[in-house]
Structure formats: structure tokens, C-alpha cells
1. Which condition does D9 not pass, out of (1) more than 10 Å from ligand 1 (Cβ to nearest atom); (2) assigned to a loop (DSSP other than H, G, I, E, B), if it passes all the others?
2. On the given criteria, is G94 within 30 Å of S197 (Cβ to Cβ), modelled with pLDDT of 95 or more, surrounded by 19 or more Cβ atoms within 10 Å (Cβ to Cβ) and not hydrophobic (A, V, I, L, M, F, W, C)?
3. Given the conditions (1) under 18 Å from F153 (Cα atoms); (2) surrounded by 15 or more Cβ atoms within 10 Å (Cβ to Cβ), and given that Q209 satisfies all but one, which numbered condition is not satisfied?
4. Name the single residue, out of those in the stretch 111-121 being touching a Phe, Trp or Tyr at 6+ places or on another chain (Cβ under 8 Å) and closer than 15 Å to L28 by Cα, that is farthest from ligand 2 (Cβ to nearest atom).
5. Of the residues that make up the stretch 14-33, is at least one touching a His at 6+ places or on another chain (Cβ under 7 Å), within 14 Å of ligand 2 (Cβ to nearest atom) and of a type outside the set (D, E)?
6. Touching a Lys or Arg at 6+ places or on another chain (Cβ under 9 Å), surrounded by fewer than 17 Cβ atoms within 10 Å (Cβ to Cβ) and modelled with pLDDT under 90 - does that describe any residue in the stretch 134-149?
7. Restricting to the stretch 25-38, give me the number of residues that are among the hydrophobic types (A, V, I, L, M, F, W, C) and modelled with pLDDT under 95.
8. Taking the stretch 169-201 only, how many residues are out of contact with any strand residue (DSSP E or B) (no Cβ under 6 Å at 6 or more places or on another chain) and more than 16 Å from ligand 2 (Cβ to nearest atom)?
Amino acid sequence: MAKIQIALDELYDWQEQVLSCPTPNRLLLASRRGGKTLLCRRMAIEDLVRGRKTLWLAPTFDQTLEQFRQVQATVQPIVKFKRQNKEIHTHTGGELWFKSVTDPSRIRSQGFDHVIWDEMAHAKSMDAWTSLRPTLVEMEGSRFTGATTPAGFNHFKDFWDERVDNPDWTTYQFDYTHSPHLTPEKVEALRRDMTASEFIQEMLAGFIQKSGALFKPEYFDEMLVGKMPETFQRRMMAVDLSLGRLKSDYQCIGFGGVLDQVLYIDTKLVKMDLDALNRLIMNMAESYNPERICFETNFWMGGNVSAFTRLYKEAGKPVPVIREIDSQGHKETRVSRLAPYLARGQIKVLDTRDGQRGVGQMRDFPLAKNDDFPDMVDMLIQSLNFQKRA
Ligand SMILES: Nc1ncnc2c1ncn2[C@@H]1O[C@H](COP(=O)(O)OP(=O)(O)O)[C@@H](O)[C@H]1O
Ligand SMILES: [Mg+2]
């Protein structure tokens with residue numbers, strides 16, 4: 001028998017990982033333009049070659065049409081016949097059916113070995129799943145794949161949440177950094193048309209609440225504490241000068257002490273000249289005695305470090321250990337790293353007026369006018385190498 005070759009793209013690591021999923025059912029959240037649909041096509045092509053019967057679902061007919069064209073061009077050498085832009089049958093016994101989810105009543109039990117649902121979160125409801133479920137349960141060895149970017153706290157979010165800890169399902173979540181073709185330039189170009197919350201949803205593949213806030217409100221219920229512990233295992237200070245951007249920005253100084261896997265923060269959010277600010281930092285350093293003081297040094301702010309050390313020399317005091325941090329990358333990416341710590345209650349803030357303000361900035365991020373506090377907290381976590389609680 002003649003050998004037939006089909007040319008395929010080399011998959012990325014995350015795509016390989018999803019392809020070799022150990023459970024019959026899988027849900028994939030990934031960034032816009034990350035490579036979800038290409039991966040779905042690969043699955044459909046493998047199914048065709050192996051003689052399986054597969055259903056491809058997409059939100060609209062146009063979307064299925066595009067995939068019909070692409071798949072059929074790839075598997076051309078083994079195509080036996082096609083039907084109305086809706087079905088591909090191969091000499092290997094494979095069948096690939098395309099349907100849109102707009103009319104779930106038409107998606108009836110057809111005995112599919114595999115159902116692939118692309119852009120699942122963008123369907124108006126999960127009704128198609130209800131129609132398909134009986135066949136998938138009855139067919140021995142049948143599989144289901146749902147791939148999508150999130151679309152807020154909608155029905156798909158509920159669907160996802162119910163399956164995260166279900167042993168029959170595997171859930172995957174990959175942000176743009178996993179897809180090498182999404183270079184910084186491309187991400188920047190995509191980002192230009194997005195709000196901060198859209199960026200989190202579309203590029204970081206994160207669920208955003210309707211209100212637009214990044215973090216769940218309940219994370220903040222028990223965040224403020226009446227007093228700081230007496231002793232700490234680690235002690236650090238961070239300073240976000242926030243100059244040169246918006247006039248409305250605050251300067252944020254924070255002390256962070258670690259005790260039993262909890263980070264306790266005392267913060268000052270102020271608007272003052274650098275001289276007064278440096279004195280305030282010095283006062284805080286004298287009362288908390290941190291191992292290091294971290295200064296954000298992007299833009300021209302680095303120059304302040306020498307003014308700060310001069311203050312110590314003039315007072316005849318030993319200069320504390322200073323670390324300059326150039327906060328790289330997008331603010332949303334950095335701040336979103338705080339989520340696991342917040343979810344596990346590992347961040348506590350001293351209940352002062354500035355502490356309350358800082359917690360407010362974090363609760364409303366990225367909608368709040370100011371975000372100096374969340375940025376400063378990220379600096380503390382990075383410089384302490386503070387670990388997530390298991
Ligand atoms: N493994 C890969 N190798 C090379 N290019 C890829 C790979 N995966 C995806 N791409 C390319 O990335 C772009 C977006 O892929 P696509 O699957 O349409 O993304 P999504 O469905 O997540 O929006 C396409 O141009 C696609 O060819
Ligand atoms: Mg796609």
C-alpha cells in the first residue's frame with residue numbers, strides 16, 4: 001500500500017500536553033491567538049486518520065466553514081467524499097462533522113467518538129452540552145474537548161468550576177507567554193486595543209467578573225489586621241515612587257514581614273517631595289529594621305537612591321542594603337500574580353488609613369485610579385521570594 005504523507009505544524013509544549021491528556025474529557029483555556037484552534041484541527045486530523053467519527057462545534061456557521069476548508073486542505077490525500085461544507089469522510093473510515101451551536105436541538109445523538117467544541121465560552125448557553133452528553137456517556141471510549149478564551153463569569157465559568165476537581169476531566173489554562181509566536185511586539189499590538197481587564201481575559205486567559213475587577217471581593221474580607229506581629233522570620237521594604245507617570249499617583253512605601261507563611265504589610269501612601277519621602281522611608285526602616293530596601297528604578301527614579309543614601313551618610317548612620325528593581329513587564333501580569341496569595345489569605349495589611357486605601361486599590365484593580373499599592377506588594381513578594389502556601 002502506498003504511503004501518504006500529511007504535513008503538520010510542530011506543536012508547542014502546551015499543545016502536546018493537551019493532546020496527550022490522560023482523561024476522556026478536557027477543557028482548555030488559552031490566550032487569544034494562542035493556538036487553540038490549530039490544536040483542535042490537529043485533534044480532528046488525527047481522528048480522521050485513525051478512522052474516528054468526530055463532531056466540530058463552533059459558535060457560528062462561518063467559523064465551522066473556515067475550519068472545514070483548512071482541515072480538508074490538509075487531509076486532501078485521504079478524502080473519500082465531502083458533503084456540503086459540513087462533512088469530511090476519509091478512506092481510513094474517518095468522519096468529521098461540522099455544526100454551529102446556534103441550534104442545539106439539531107445536535108442530536110449521532111454516536112460521536114469525539115466532540116471538539118471551539119470557543120466554548122462564547123456560546124450563548126451550554127445547551128449543546130446537554131444534548132450531547134447522553135451520547136458521550138453511552139459511547140465507550142468517547143472523548144470531549146472544549147477550547148476557549150474566557151468570557152467573564154458566565155455559564156462557561158460555572159461549567160469550568162464544576163470540573164476543575166472532577167477526576168474524569170482535565171482542565172488546562174495557558175497564558176500568551178506559552179505561545180512563542182506571540183512575540184512582545186505582537187502582544188503589544190494586540191494590547192493597544194484592550195482595556196486592562198480585557199488583557200487579563202484575552203491574553204492571560206483569566207476569568208474577569210462583570211464588574212471588571214480582577215480579584216474576588218471576598219479575598220479582602222479579612223485582609224486588614226489590628227496590629228503587626230512582634231517578630232518576623234523575614235523582613236523587607238519596598239518603595240514604589242510612581243513618579244513621571246500620572247500626577248494623581250501616590251508614592252507607596254511598604255514594610256513586609258513574613259511569619260508562618262503570612263506576609264504582614266505596613267504601608268504609607270503619600271504625595272510628597274522626594275526629600276520628605278526619603279525621611280519617611282528612613283523612619284520606617286529604623287522602626288522595622290528590614291534586611292533590604294527595594295527601590296523601583298525604572299524611568300529616572302533610580303537617581304533617588306543616591307539622595308537616599310546621602311541622608312544616612314549625613315546622619316552618620318550605616319546605609320541599609322538597597323536593591324534596585326526595574327519592574328519589567330505589564331502591570332496587569334505582575335499584579336495578577338498576587339491572586340494565589342490572596343486566595344490563600346497569605347497577605348495581611350495593618351489597618352491604618354493608608355492600609356485601607358491600599359486594600360481598596362487592590363480590590364478594585366484594574367479599575368481603580370491608582371495602583372501603587374498592588375505594585376509595591378508584588379515587589380515585596382518577588383524580593384522576599386515569598387512562596388505560595390501549598
Ligand atoms: N504550534 C504552532 N506552530 C506555529 N504556529 C502556530 C502554532 N499554533 C498556532 N500557531 C499560529 O498562531 C496563530 C493563532 O492560532 P489559532 O489556533 O488560530 O489561535 P486561537 O484559536 O487560540 O486564537 C495562527 O496563525 C497559527 O497558525
Ligand atoms: Mg480560534
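The values are calculated or read from the model by the stated rules, or taken from the named source; none is laboratory data. These numbers were taken from a predicted model, which means no experiment stands behind them. Positions of Cβ are generated from backbone atoms using ideal geometry, with glycine treated the same way; all protein chains shown enter the neighbour counts.
1. Among (1) more than 10 Å from ligand 1 (Cβ to nearest atom); (2) assigned to a loop (DSSP other than H, G, I, E, B), D9 violates only (1).
2. Values: within 30 Å of S197 (Cβ to Cβ): no; modelled with pLDDT of 95 or more: yes; surrounded by 19 or more Cβ atoms within 10 Å (Cβ to Cβ): yes; not hydrophobic (A, V, I, L, M, F, W, C): yes.
So G94 fails the test.
3. (2)
4. Here is the first cut: in the stretch 111-121, the ones touching a Phe, Trp or Tyr at 6+ places or on another chain (Cβ under 8 Å) are 112, 114-118, 120-121.
From the residues that got through so far, the ones that are closer than 15 Å to L28 by Cα too are 115-118, 120-121.
Values: V115: 17, I116: 12, W117: 12, D118: 6, M120: 11, A121: 12 Å.
Filtering first and then ranking leaves V115.
5. Quick first cut of the stretch 14-33, residues touching a His at 6+ places or on another chain (Cβ under 7 Å) only: 14.
Filter again for within 14 Å of ligand 2 (Cβ to nearest atom), leaving none.
Within the stretch 14-33 (the criterion being touching a His at 6+ places or on another chain (Cβ under 7 Å), within 14 Å of ligand 2 (Cβ to nearest atom) and of a type outside the set (D, E)), the answer is no, since none of the residues qualifies.
6. Narrowing the stretch 134-149 to residues touching a Lys or Arg at 6+ places or on another chain (Cβ under 9 Å): 135-136, 143-149.
Add one more test, that the residue is surrounded by fewer than 17 Cβ atoms within 10 Å (Cβ to Cβ), and what stays is none.
No, the stretch 134-149 has no match at all.
7. Initially, the stretch 25-38 is screened for residues among the hydrophobic types (A, V, I, L, M, F, W, C), giving 27-30, 38.
When the remaining residues are screened for being modelled with pLDDT under 95, the result is none.
The number of residues fulfilling the criteria is 0.
8. Initial filter on the stretch 169-201 (out of contact with any strand residue (DSSP E or B) (no Cβ under 6 Å at 6 or more places or on another chain)): 175-201.
Still in the list and also more than 16 Å from ligand 2 (Cβ to nearest atom): 177, 180, 183-185, 187-189, 191-200.
Counting residues in the stretch 169-201 that are out of contact with any strand residue (DSSP E or B) (no Cβ under 6 Å at 6 or more places or on another chain) and more than 16 Å from ligand 2 (Cβ to nearest atom) gives 18.
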